[in-house]
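Single-structure report; data block below.
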Amino acid sequence: MIQNLWENVLNKRKKETDIYGFLKQSFLFKDLSSKELEFLTHIVHVRHFQGGEKIFNQGDPGVGMYYILTGTVDIIMHDPSFEVKDDKEEIFITRLEKGDFFGELSLIEEPSYRSASAVAITRCTLIGFFKPDLLQVIQRNPQTGNKISLRLAEILGRRLRETTEKVTELCVELNHFKKDAGNAGTNEKHFTS
Amino acid sequence: MRNILHRENLKVLYILAIIAFGLFMLFFINNLLLSSVLAFVIFYLLAPVINYFERKGFNRGLAIFTIYTLNTITVVIAFWIFIPLLIEQFYLLEKELPSLQEGVLNLVAKVENRLGYFSQLESLNLRDKLGQWMIAQTTLFSTWIPYWVGNSLTTLFLTPFLAFFMLRDGSRAKRTILDLIPNRFFEVSLRLVYEMNEQVGSFIRARIAEALIVGLVTWIGLLIIGFPYAILLALFAALTNLIPYLGPVLGTVPALVIILVNPNLLFESMGMSFLAVGIVYLTAQLLDALIIIPVVVAKIVNLHPVTVILVIILGAQVLGVLGMIISIPVASLAKLFVTTLYQQTARTP
């Protein structure tokens, strides 16, 4: 019994060290000092998911973001042109591995709804950092809160730039497509006349 | 997938068992419910102060210890000043209680005589019934005091003890309980816990601020007009003010009864005495209604007045005065719970 208790305590210490080391490497928390990281270790939530388990569903109210400590997660979307959410109409977006993060928009947006679903492909251990946690950090340690918020703004800014580039690319492709379709139509007219 | 559901159902059962055990302890261990409610009040009052010290770079444990020591000193000084005053006024009231009783009975007799033509009212024999009730209450009062003091001592020691651990380990305990929640309910539970915490905290702080303002203004006002038992009456007004809607009315009753029994207590005419006391209580209520309620309380409690009255009645029937006081935050929490669950299940972006 006593040995078990000691094992538990030591195991807990090891887990905390793992989380500390992981947070230190992560982009969002990389500006934090060791004292701030230690404080954050007691704020974040460690969640375990089985393979095939849904982490969240598209359209669910979102509360925060997840970092992948171990395992693989798929991000999928339901085609909005289909009214019934059927597995067949799922669109695969991306596969995320250890060190990746997702759901960060929910930390800022109010009210927030998940724009895609996340599914654990293998057994996963995720570190959850949620809006109430961020608010708690800001309330108890504003300097740490500022550092995290700035990094978060940087991530969201980068995501926005990437999205804008993608939308521009798509617009250009669409214009080319329209032009090609127009030319093809004129050629067809010339041919028929 | 079946394995996941089985594991999650076990977790739900485990949490429900913890909640059931907690509720059992609260209702069956003497004084634990009252002590817990008071400890929560202290927790919500001190948490922002401790957070402030933590922001300034203090260690949380040290901040809690410092605030606790400062508070203990303040409470001891306050007791030193106010308790002798309270005891003095209490003895005075005890001495005058028979004459006050007689005065109330005479008043009822006068009313009965004036309304004598209502034969049914006479047959009710209000004066005798009221007299018997008052004698029974006075006897009960004198036997109840030692029991109440004994209970208060337990509460007095248990409350700060519970509040200290809530402040020190509350966050860790909350995280441990949240860790037990199954994945599919985790985010919604986290959101609920956060919003409930914010709502209850703001509500308690606003209510205490209201009670303090009402008590202080009533005390100063009654002192200015030279009304007896000023501190006792102010304390009563502050405590009853915790009951929404009915509280402010209840708070004025003792002062009005004292004037009815001693019409010439303050001025020659009873009307002037009523006016003076009325102005004091009205000023306190106006300050409360114009400053505290619109700025703080209205934003926190989003309940219809009819709902408020109904839940107060329900609270009174279940838990008496304590039920009347805690019925509003409990009802607003229930509303928040239902709304959040509805949003979660409806999934309407």
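Derivation of every value follows stated rules applied to the coordinates shown; laboratory data play no part. Not measured: the values here are computed from a predicted model. Note: ideal-geometry Cβ built from the backbone for every residue, glycine included; neighbour counts use all protein chains shown.
With a cut-off of 13 Å between beta carbons, the residues surrounding A:GLY145 carry a summed charge of +1, where Lys and Arg count +1 and Asp and Glu -1. GNM on chain B, alpha-carbon springs under 10 angstrom: the most fluctuating residue among B:ILE259, B:ILE279, B:ILE18 is B:ILE18. Applying both filters, DSSP loop and at most 16 other Cβ atoms within 10 Å, to the trypsin sites (Lys or Arg not before Pro) of region A:113-193 gives A:ARG123.
With neighbours defined as other Cβ atoms within 10 Å of a residue's Cβ, the residues A:MET65, B:MET270 order from fewest to most as B:MET270, A:MET65. Look at A:HIS176, A:HIS45 and count the other Cβ atoms within 10 Å of each Cβ; fewest to most, that gives A:HIS176, A:HIS45.
If you run the Gaussian network model on chain B, springs between alpha carbon atoms under 10 Å, then out of B:ALA173, B:ALA284, B:ALA206 the most flexible one is B:ALA173.
Our summary of shape: the Cα atoms of region A:45-130 have principal axis extents of 35, 30, 17 Å, ordered from largest down, in whole angstrom. The calculated FRET efficiency for B:PHE53 paired with B:THR307, based on their beta-carbon distance and R0 = 60 Å, is about 0.95.
Applying both filters, DSSP loop and at most 14 other Cβ atoms within 10 Å, to the trypsin sites (Lys or Arg not before Pro) of region B:53-111 gives B:LYS56. For the cross-link pairs A:LYS24/A:LYS98; A:LYS30/B:LYS174; A:LYS35/B:LYS174; A:LYS30/A:LYS54; A:LYS30/A:LYS98, the ones whose C-alpha atoms lie over 20 Å apart are A:LYS30/B:LYS174; A:LYS35/B:LYS174; A:LYS30/A:LYS54. Extension gain, B:ILE291 to B:ALA17, is 94.3 nm, computed as 0.36 nm per intervening residue step minus the present C-alpha separation. When you restrict to C-alpha pairs under 8 Å that are six or more residues apart and normalise by the size of chain B, the relative contact order lands at 19 percent.
Among the residues of B:182-192, the average count of other protein chain beta-carbon atoms within 10 Å of the residue beta-carbon is 5. Straight Cα distances below 18 angstrom link B:LYS110 to the aspartates and glutamates B:GLU102, B:GLU122, B:ASP128, with same-chain residues fewer than 8 positions distant left out.
Calculated FRET efficiency, A:LYS54 to B:ASN9, Cβ-Cβ distance, R0 = 22 Å: about 0.85 to the nearest 0.05. Over all other residues within a Cβ to Cβ distance under 14 Å of A:GLU154, the charged ones net out to +3, with Lys and Arg as +1 and Asp and Glu as -1. Neighbour counts of C-beta atoms inside 10 Å place B:MET324, B:MET196 in the sequence B:MET196, B:MET324, starting with the fewest. GNM remark for chain B: springs join alpha carbons under 10 Å apart, and the peak mean-square fluctuation among B:LEU32, B:LEU105, B:LEU153 falls on B:LEU153.
The calculated FRET efficiency for B:LEU153 paired with A:ALA153, based on their beta-carbon distance and R0 = 45 Å, is about 0.25.
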